[in-house]
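Participant: Sending over a structure as structure tokens; questions will come in a sec.
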Amino acid sequence: MKKNRNLMILFAVLLAGLIAPLVTGASGAGFWVEVLLGGLMAGVLYSLVALGFVLIFKASGVFNFAQGAMVLFAALSVARMAEKMPLWAAMLMAVAIMVVLAFVIERLVLRPLVNQDPVVLLMATLGVTYFIDGFGQTVWGSDIYEIDLGIAREPVMILQSVFDGGILINKDDVAATAAAALLVILLALFFQKTKTGRALRAVADDHLAAQSIGIPLNRIWVIVWSLAGVVALVAGVVWGAKLGVQFSISQVALKALPVVILGGFTSIPGAIIGGLIIGVGEKMAEVFLAPIAVKAFDLAGGGIENWFAYVLALLFLLVLPEGLFGEKHIDRV
Amino acid sequence: MGGGKTIGDVVLDLQGISLSFGGVRALQDVTFDVREHEVRAIIGPNGAGKSSMLNVINGVYHPQQGTVSYLGAKRHDVNTHEAAVQGIARTFQNIALFKGMSVLDNIMTGRNLRMKSGLLAQAFRLPSAEREELEHREAVEQVIDFLEIQAHRKTPVGRLPYGLQKRVDLARALAMEPKLLLLDEPMAGMNVEEKQDMCRFILDVNDQFGTTIVLIEHDMGVVMDISDRVIVLDYGKKIGDGTPDEIRGNQAVIDAYLGVSH
Ligand SMILES: Nc1ncnc2c1ncn2[C@@H]1O[C@H](COP(=O)(O)OP(=O)(O)OP(=O)(O)O)[C@@H](O)[C@H]1O
Ligand SMILES: [Mg+2]
């Protein structure tokens, strides 16, 4: 009951924040929709990375700090290999690399540390993070590299008939969003409809029961880390194409953290919806809140996008500790 | 009961099994065997080591001493997964179903080992993978019919009443088509009617599929009714082993149970 009430209040606040610019006349409808779309497009990528996070957490109970490093590593691999081969080939090779990485992590980190304290595993993934970061630089270099998706980066005007002045969006953003959304949907279907998807969910629910019906835990871990690798790859390529492949995209990827806090660590729908909320929230804050703050308090006003997600997550932590869709754990007595 | 079935050779042979957790000696030098097609009950007061015994058979625990022979071959420490591959299925004392999943999906996971199509075939929904999924769905429907849970197919198991969850737990194990079925207190917490149903299911499984069953149960009436042989544990030691009639007359067993209310 209390959870429902808190949830209602949170949503009311979010909704109020969302429509405030419209109601107060701070923004025209067209511009507002433009910002909203921009937020959703950024959000889909957050969802994607958060999905990798949730997958790993559900299946192996590991809080995978290395997710951001994996995004960067995958993007680096694609960028550097694409210098020598077509982009599609580079992406396929990179998928193979991420699968190998999953094998190595399962073998050298997860398997020896099985049944250890969560803190130990967290430390281990911290180690993995620094290893992947460093190893990526050793193999691929540490400059800023480009990924050319071959989609024109031209803004196009849509919906001119509906909104005054139309809505400006980038073609490449739309394509990237479509790809990310497709991947999210495919993953969700894979989970629901296939034998391995069922096995993954089973492991997530109860390790021992899953093993006792013959589901091999080790193989599931490899699959889950591989999937997280592929997810990281797609996000890395999209961000890399946009921002250049450089260290900062591993920071961007860490936005998955507030997303999973918001959505609940074990919830796939939570990851998706959480990503969208964060994406839209920070865009709206950047565009509409920052100018107000600047005016009112005489601040510089930049960088809201960098911390807004974390503050939002903190708010959720306070009010809804288990996240939007997190499971309440009722222990058997 | 048990009709005209023929008890066969020894399928599982445990010799001198000792298992301890730190200072707790859960099993001490326990020796017993299980024959093909029989219903073998393990009884004993709380904490006697019954569940530990099942966990040894099922590869969850590895005894410090003793040997396990399965299907005529001496078995080295197997893990749970390997035990499942060898045809050993089990249910749990504290129901361990996959709570977020439907009854159907829970039971489908029991088919996991028998489904062979590869990851990519599943991901791309190749016809072979689809066909396999349908075949196994068929098998699962039979288990569902057998245990009379048709009406609950799509229900998330977490929403089912306790008695039905126990039945789904059994269904998932049956879906594996095991050679050896381990049941840890399948009737605990059930009312009389549910117990009768469960007894009937266990006997039917034993009769119709010839499955060998090792069963832990506290209800003496039930144990004496449905089992072929009974082993009695007390403080980790075996204090009795024999047919229900023999056990009923065993003084050590009567003593162990005095003062323990059931
Ligand atoms: N994983 C474990 N770690 C430590 N001690 C354990 C463990 N499992 C069982 N024990 C101990 O071993 C002893 C036997 O436990 P077990 O669960 O086998 O008893 P049981 O006969 O199944 O009892 P019940 O009727 O209550 O289910 C108990 O003292 C128990 O506390
Ligand atoms: Mg027990």
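The values are calculated or read from the model by the stated rules, or taken from the named source; none is laboratory data. All of these numbers come straight from a predicted model, not from anything done at the bench. Please note: Cβ atoms are built from the backbone with ideal geometry, for glycine as well, and neighbour counts cover all protein chains shown. Remember, those area values only see protein heavy atoms, side chains included, never the ligands or the DNA or RNA. Shrake-Rupley method; radii C 1.70, N 1.55, O 1.52, S 1.80 Å.
Participant: Per the Kirkwood treatment, what hydrodynamic radius in Å, one decimal, follows for the stretch A:1-100 from the mean inverse distance over all distinct Cα pairs?
Facilitator: Values: mean 1/r = 0.0577 Å⁻¹.
Hydrodynamic radius (Kirkwood, Cα only) of the stretch A:1-100 equals 17.3 Å.
Participant: What do you get when you divide the Cα radius of gyration of chain B by 2.2 N^0.38 Å, with N the number of residues? If you can, show how the numbers build up before the last one.
Facilitator: On the way: Rg = 18.9 Å, N = 262, 2.2 N^0.38 = 18.3 Å.
Taking N as the residue count of chain B, the ratio is 1.03.
Participant: Just report the Cα centroid separation between the stretch A:283-324 and the stretch B:54-99, whole Å.
Facilitator: When both Cα centres are located, 53 Å separates them.
Participant: Quick one: Debye curve from the C-alpha atoms of the stretch A:36-319, no solvent, what's log10 I(q)/I(0) at q = 0.09, 0.10 Å⁻¹?
Facilitator: Here log10 of I(q) over I(0) equals -0.44, -0.55.
Participant: For chain B, which whole percent of the accessible surface, found with a 1.4 angstrom probe, sits on carbon and sulfur atoms?
Facilitator: 50
Participant: How many Å³ per residue does the convex hull of the Cα positions in the stretch A:262-314 occupy?
Facilitator: Numbers: hull volume 3.2 nm³, N = 53.
Dividing the Cα hull volume of the stretch A:262-314 by its residues yields 59 Å³.
Participant: Moving on. Would you mind counting up the charge near B:Asp241? Only other residues with Cβ under 11 Å from its Cβ, with Lys and Arg at +1 and Asp and Glu at -1. It would help to have the intermediate numbers written out before the result.
Facilitator: Working: positive: B:Arg40, B:Arg229, B:Lys238; negative: B:Asp33, B:Glu246.
Residues near B:Asp241 contribute +1 overall.
Participant: Right, here's the next one. Is the C-alpha gyration tensor of the stretch A:112-175 telling us rounded, prolate or oblate? Criteria: a/c under 1.5 is rounded; beyond that, a/b larger than b/c is prolate, otherwise oblate.
Facilitator: Details: a/c = 5.41, a/b = 2.21, b/c = 2.44.
Oblate, since a/c reaches 1.5 and b/c is not below a/b.
Participant: Based on the alpha carbons, how large is the Rg to Rh ratio for the stretch A:200-333 when Rh follows Kirkwood? Before the final figure, lay out each step's value.
Facilitator: On the way: Rg = 18.8 Å, Rh = 17.4 Å.
Computed over Cα atoms, the ratio is 1.08.
Participant: Which FRET efficiency value, to the nearest 0.05, is calculated for B:Asp197 and A:Asn6 with the Förster distance at 41 angstrom and r the Cβ-Cβ distance?
Facilitator: Working: r = 42 Å, r/R0 = 1.04.
Working from the Cβ atoms, E equals 0.45.
Participant: Please state, rounded to one decimal and in Å, the Kirkwood hydrodynamic radius that the stretch B:1-87 gives when every pair of distinct Cα atoms enters the mean of 1/r. All intermediate terms of the calculation are to be shown ahead of the outcome.
Facilitator: On the way: mean 1/r = 0.0725 Å⁻¹.
Evaluated on the stretch B:1-87, it is 13.8 Å.
Participant: Same structure again: Let me understand the protein assembly as shown better: what is its radius of gyration from the alpha carbons, and its Dmax, in angstrom?
Facilitator: Computed over the Cα atoms of the protein assembly as shown, radius of gyration and Dmax are 28.9, 95 Å.
Participant: Could I ask something else about it? Averaged per residue, what accessible surface does chain A expose to a 1.4 Å probe, in Å²?
Facilitator: Values: 15630 Å² over 333 residues.
Heavy-atom accessible area per residue stands at 47 Å².
Participant: What lysines sit close enough to B:Lys74 to cross-link, taking a C-alpha to C-alpha distance under 24 Å and skipping anything fewer than 8 places away on the same chain?
Facilitator: B:Lys50, B:Lys179, B:Lys237, B:Lys238
Participant: Would you tell me the mean number of C-beta atoms belonging to other protein chains that fall within 10 Å of each C-beta in B:95-101, as a whole number? Don't skip to the answer; put the middle values down first.
Facilitator: Numbers: counts 3, 7, 4, 10, 3, 8, 6.
Other-chain Cβ atoms within 10 Å of each residue's Cβ, averaged: 6.
Participant: Ranking request for peptides B:248-254, B:11-17: highest mean number of other beta-carbon atoms within 10 Å first, then the rest in descending order.
Facilitator: Put in order of decreasing packing, that is B:11-17, B:248-254.
Participant: Let me ask something additional. So in the protein assembly as shown, what percent of DSSP beta bridges are antiparallel if you round to the nearest 5? Provide the component values of the computation, followed by the final result.
Facilitator: On the way: 27 of 43 bridges.
Of those bridges, close to 65 percent are antiparallel.
Participant: Follow-up question, since we're still on this one. Spin-label point model (7 Å from Cα, Cβ direction): what's the B:Arg137 to B:Lys99 distance in nm?
Facilitator: The two pseudo-label positions are separated by 2.9 nm.
Participant: Okay, moving on. What FRET efficiency comes out for the pair A:Val100/A:Leu318, r = Cβ-Cβ distance, R0 = 45 Å, nearest 0.05? Each step should come with its number before you reach the end.
Facilitator: On the way: r = 41 Å, r/R0 = 0.92.
Efficiency at R0 = 45 Å is approximately 0.65.
Participant: If you count, for every residue in B:117-127, the Cβ atoms of partner chains within 10 Å of its Cβ, what is the mean?
Facilitator: Other-chain Cβ atoms within 10 Å of each residue's Cβ, averaged: 3.
Participant: Moving to a separate point now. If you take every DSSP beta bridge whose two residues both sit in chain B, what share of them, in percent to the nearest 5, is antiparallel?
Facilitator: Details: 22 of 38 bridges.
Here the share of antiparallel DSSP bridges comes out near 60 percent.
Participant: Averaged over its residues, how many other protein chain Cβ atoms are within 10 Å of peptide A:200-211's Cβ atoms? Don't jump to the answer; show the numbers that get you there.
Facilitator: Values: counts 0, 6, 11, 2, 3, 10, 6, 2, 6, 12, 7, 9.
Counting other chains' Cβ atoms within 10 Å and averaging over A:200-211 gives 6.
Participant: Then there's this: Projected area of the stretch A:15-62, taken from the Cα convex hull and averaged over every viewing direction, in nm²? Don't skip to the end; give the middle numbers.
Facilitator: On the way: hull surface 16.7 nm².
With every direction weighted equally, the projected area is 4.2 nm².
Participant: So if each residue of separation counts as 0.36 nm, and I subtract the Cα-Cα distance between A:Ile292 and A:Phe247, what length gain in nm does that give? Each step should come with its number before you reach the end.
Facilitator: Values: separation 45, 0.36 × 45 = 16.20 nm, distance 3.14 nm.
Roughly 13.1 nm would be gained on extension.
Participant: Then there's this: Once you've got the GNM for chain A with C-alpha springs shorter than 10 Å, pick whichever of A:Trp221, A:Trp307, A:Trp239 has the biggest mean-square fluctuation.
Facilitator: Largest GNM mean-square fluctuation: A:Trp307.
Participant: Let me ask something additional. Work out the FRET efficiency for A:Val23 and B:Arg125 from their Cβ-Cβ distance, taking R0 = 56 Å, and round it to the nearest 0.05.
Facilitator: Numbers: r = 47 Å, r/R0 = 0.84.
The pair A:Val23/B:Arg125 has a calculated efficiency of 0.75.
Participant: Check cross-link reach from A:Lys255 to the aspartates and glutamates: straight Cα distance under 14 Å, and skip same-chain residues fewer than eight apart.
Facilitator: By straight Cα distance, A:Lys255 reaches A:Glu282, A:Glu305.
Participant: Which of the trypsin sites (Lys or Arg not before Pro) found in the stretch A:1-99 are loop residues per DSSP with 13 or fewer other Cβ atoms within 10 Å of their Cβ? Before the final figure, lay out the partial values.
Facilitator: Details: sites: A:Lys2, A:Lys3, A:Arg5, A:Lys58, A:Arg80, A:Lys84; in loops: A:Lys84.
Sparse-neighbourhood loop trypsin sites (Lys or Arg not before Pro): A:Lys84.
Participant: Which listed residue (A:Ala271, B:Ile42, B:Val205) has the Cα farthest towards the positive end of the charge dipole for the protein assembly as shown, taking +1 on Lys and Arg C-beta and -1 on Asp and Glu C-beta about the Cα centre?
Facilitator: Checked the options; the winner is A:Ala271.
Participant: For chain B, with a Gaussian network of springs between Cα atoms less than 10 Å apart, report the residue from B:Lys179, B:Lys237, B:Lys74 with the top mean-square fluctuation.
Facilitator: With Cα springs under 10 Å in chain B, the top fluctuation among B:Lys179, B:Lys237, B:Lys74 is at B:Lys74.
Participant: Gain in length, A:Thr138 to A:Leu92, computed as 0.36 nm per residue apart minus the alpha-carbon separation, to one decimal in nm? Mind showing how you got there, number by number?
Facilitator: Numbers: separation 46, 0.36 × 46 = 16.56 nm, distance 2.13 nm.
Contour length minus the Cα-Cα distance gives 14.4 nm.
Participant: Sequence neighbours fewer than 8 away in the same chain don't count; with that in mind, list the lysines whose C-alpha is under 27 Å from A:Lys84.
Facilitator: Leaving aside lysines fewer than 8 places away in the same chain, those within reach of A:Lys84 are A:Lys171, A:Lys242.
Participant: Using helices alone, I'd like the mean residue ellipticity at 222 nm for the protein assembly as shown: each DSSP H run of four-plus residues gives -39500 (n - 2.57), total over residue count, nearest 500.
Facilitator: Values: 24 runs with 330 residues, N = 595.
Only helices count here, giving -18000 deg cm²/dmol.
Participant: Return the ratio Rg/(2.2 N^0.38 Å) for the stretch B:96-177, where Rg is computed over Cα atoms only. Please list the in-between numbers first.
Facilitator: On the way: Rg = 13.0 Å, N = 82, 2.2 N^0.38 = 11.7 Å.
Scaled against compact globular proteins, the figure is 1.10.
Participant: Also: Scan chain A and note any complete DSSP helix (H) whose C-alpha atoms cover at least 18 Å along its axis and whose Kyte-Doolittle average is -0.5 or more.
Facilitator: Working: long enough: A:2-23 (31 Å, 1.32); A:29-60 (45 Å, 1.76); A:67-81 (21 Å, 1.37); A:87-105 (26 Å, 2.83); A:118-140 (32 Å, 1.21); A:171-193 (33 Å, 1.35); A:217-243 (37 Å, 1.64); A:268-284 (24 Å, 1.36); A:304-319 (22 Å, 1.99).
Correct list, ordered by number: A:2-23, A:29-60, A:67-81, A:87-105, A:118-140, A:171-193, A:217-243, A:268-284, A:304-319.
Participant: Hey, another quick one. Under the definition of Cα pairs under 8 Å and six or more residues apart, what whole-number percent is the relative contact order of the stretch B:96-177? All intermediate terms of the calculation are to be shown ahead of the outcome.
Facilitator: On the way: 78 pairs, mean separation 43.8, N = 82.
Relative CO of the stretch B:96-177 lands at 53 percent.
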